[in-house]
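Just so it is clear, none of the values below were taken in a lab; they were calculated from the coordinates. The shown structure was predicted, so the numbers you read here are calculated from the model rather than taken from an experiment. In this analysis, Cβ positions are derived from the backbone assuming ideal geometry, glycine residues included, and neighbour counts consider all displayed protein chains.
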Amino acid sequence: AQTVTQSQPEMSVQEAETVTLSCTYDTSESDYYLFWYKQPPSRQMILVIRQEAYKQQNATENRFSVNFQKAAKSFSLKISDSQLGDAAMYFCAYIASLGDEKLTFGTGTRLTIIP
Amino acid sequence: DTEVTQTPKHLVMGMTNKKSLKCEQHMGHRAMYWYKQKAKKPPELMFVYSYEKLSINESVPSRFSPECPNSSLLNLHLHALQPEDSALYLCASSQSPVNQPQHFGDGTRLSIL
């Protein structure tokens, strides 16, 4: 079974600084997708960024980028120029390309932005 | 604005009531999902509908009954719920059951008295 681990229950960062959230996963599949979702107090889960395992290039979306290390099964999220609106719960998630349609979530990291 | 619309946003019901949660998307997505989320926890998958057919039921108690009337609508019928069923219920949709990112609604906050 696939597992996703987020070892940092809470993180904080000064506004305008950079922060990195960690995520590791375990799978025997070779083809899969990884995601970072953000859930602010408003509670909607918002897709931040996605990475296809077959792509070596790390995904980037504006201030958000990932460091995808397939051999190490690591998928960290870097947020640059942190803003107050980035405060949220961040979930790392995995889904296999072929298989049971299930999105496996990590336990989440609560990010606080310090003004 | 969310592209997946859930109603109601809040629901309080007694253990003997029958109520329904509704989810709607107009993105042409062919897979729809129900999740249950407890405070400070990740969402837990309950049901997956793929091309309007139930493809996954994660051993959810029968007091939760999903229904997919058409490709845009997903309902969750509730009956005789227990206090431990109080949670945030999230609906999501994706273009296809695999490979595609899931888009979530705002959720329904359910409280069982």
Check: Hey, any hits in the range A:21-34 for a residue that's free of Cβ contacts under 8 Å to residues at least 24 places away in the same chain, buried (at least 17 other Cβ atoms within 10 Å of the Cβ) and within 13 Å of chain B (Cβ to nearest Cβ)?
Finding: no
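One line per residue, one yes/no per condition, for (1) more than 14 Å from the chain's Cα centre (by Cα); (2) more than 13 Å from chain A (Cβ to nearest Cβ); (3) on the phi > 0 side of the Ramachandran plot:
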{"residue": "B:3", "(1), (2), (3)": "yes, no, no"}
{"residue": "B:8", "(1), (2), (3)": "no, yes, no"}
{"residue": "B:15", "(1), (2), (3)": "yes, yes, no"}
{"residue": "B:32", "(1), (2), (3)": "no, no, no"}
{"residue": "B:60", "(1), (2), (3)": "no, yes, no"}
{"residue": "B:97", "(1), (2), (3)": "yes, no, no"}
{"residue": "B:110", "(1), (2), (3)": "no, no, no"}
{"residue": "B:113", "(1), (2), (3)": "yes, yes, no"}
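Quickly run through the range A:37-65 and pick out the residues that are at the interface with another protein chain (Cβ under 9 Å from one of its Cβ atoms) and in a loop (DSSP other than H, G, I, E, B).
Just the residues of the range A:37-65 that are at the interface with another protein chain (Cβ under 9 Å from one of its Cβ atoms), to begin with: A:37, A:39, A:42-47, A:50, A:52.
Residues satisfying the conditions are A:42, A:43, A:44, A:45.
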Checklist line | Unique match (being surrounded by fewer than 19 Cβ atoms within 10 Å (Cβ to Cβ), touching a Leu at 6+ places or on another chain (Cβ under 9 Å), among the hydrophobic types (A, V, I, L, M, F, W, C) and not in a strand (DSSP E or B)) among B:27, B:15 | finding: B:15
Check: Can you tell which of A:10, A:17 is under 22 Å from residue A:112 (Cβ atoms), in contact with a strand residue (DSSP E or B) (Cβ under 7 Å, 6 or more places away or on another chain) and not basic (Lys, Arg)?
Finding: A:10
Margin query: Anything in the range B:39-58 that is more than 10 Å from every other protein chain (Cβ to nearest Cβ), aliphatic (A, V, I, L, M) and part of a strand (DSSP E or B)? List them, or say none.
Written below: B:46, B:54
Next item on the list: Within the range B:86-95, track down each residue that is more than 9 Å from chain A (Cβ to nearest Cβ), part of a strand (DSSP E or B) and surrounded by fewer than 21 Cβ atoms within 10 Å (Cβ to Cβ).
Entry: B:87
Check: Given the conditions (1) within 13 Å of chain B (Cβ to nearest Cβ); (2) buried (at least 20 other Cβ atoms within 10 Å of the Cβ), which single one is not true for residue A:79?
Finding: (1)
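A quick yes/no check of all residues on (1) surrounded by 14 or more Cβ atoms within 10 Å (Cβ to Cβ); (2) more than 23 Å from residue A:102 (Cβ to Cβ); (3) in contact (Cβ under 8 Å) with a residue 24 or more places away in the chain:
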{"site": "B:9", "(1), (2), (3)": "no, yes, yes"}
{"site": "B:22", "(1), (2), (3)": "yes, yes, yes"}
{"site": "B:54", "(1), (2), (3)": "no, no, no"}
{"site": "B:72", "(1), (2), (3)": "yes, no, yes"}
{"site": "B:77", "(1), (2), (3)": "no, no, yes"}
{"site": "B:102", "(1), (2), (3)": "yes, no, yes"}
{"site": "B:106", "(1), (2), (3)": "yes, no, yes"}
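Just to be sure I understand, how many residues within the range B:59-85 are farther than 21 Å from residue B:28 by Cα and either among the hydroxyl-bearing types (Ser, Thr, Tyr) or part of a loop (DSSP other than H, G, I, E, B) (or both)? Even if it seems obvious, please write down each step before you answer.
Keep residues of the range B:59-85 that are farther than 21 Å from residue B:28 by Cα, which gives B:59-65, B:77-85.
Next, only the ones that are either among the hydroxyl-bearing types (Ser, Thr, Tyr) or part of a loop (DSSP other than H, G, I, E, B) (or both) stay: B:59-63, B:65, B:80-82.
Residues in the range B:59-85 being farther than 21 Å from residue B:28 by Cα and either among the hydroxyl-bearing types (Ser, Thr, Tyr) or part of a loop (DSSP other than H, G, I, E, B) (or both): 9 in total.
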Checklist line | Single residue of the range A:1-20 satisfying the filter (within 14 Å of another protein chain (Cβ to nearest Cβ) and part of a strand (DSSP E or B)) that is nearest to residue B:40 (Cα to Cα) | finding: A:10
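Being touching a residue at least 24 places away in the same chain (Cβ under 8 Å) and more than 14 Å from chain B (Cβ to nearest Cβ) narrows it down to one of A:91, A:68, so name that one.
Numbers: A:91 fails: more than 14 Å from chain B (Cβ to nearest Cβ).
So the residue among A:91, A:68 that is touching a residue at least 24 places away in the same chain (Cβ under 8 Å) and more than 14 Å from chain B (Cβ to nearest Cβ) is A:68.
Select from the range A:94-115 the residues that are over 16 Å from residue A:10 (Cα atoms) and either under 12 Å from the mean Cα position of the chain (by Cα) or part of a strand (DSSP E or B) (or both) and write down the one among them that is farthest from the other protein chains (Cβ to nearest Cβ).
Within the range A:94-115, the subset over 16 Å from residue A:10 (Cα atoms) is A:94-105, A:115.
Filter once more, so that each one left must be either under 12 Å from the mean Cα position of the chain (by Cα) or part of a strand (DSSP E or B) (or both): A:94-96, A:104-105.
Working: A:94: 12, A:95: 7, A:96: 7, A:104: 9, A:105: 4 Å.
Only one residue tops the list, namely A:94.
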Next item on the list: Evaluate the range A:66-80: report whether one residue or more is more than 19 Å from residue A:5 (Cα to Cα) and not in a strand (DSSP E or B).
Entry: yes
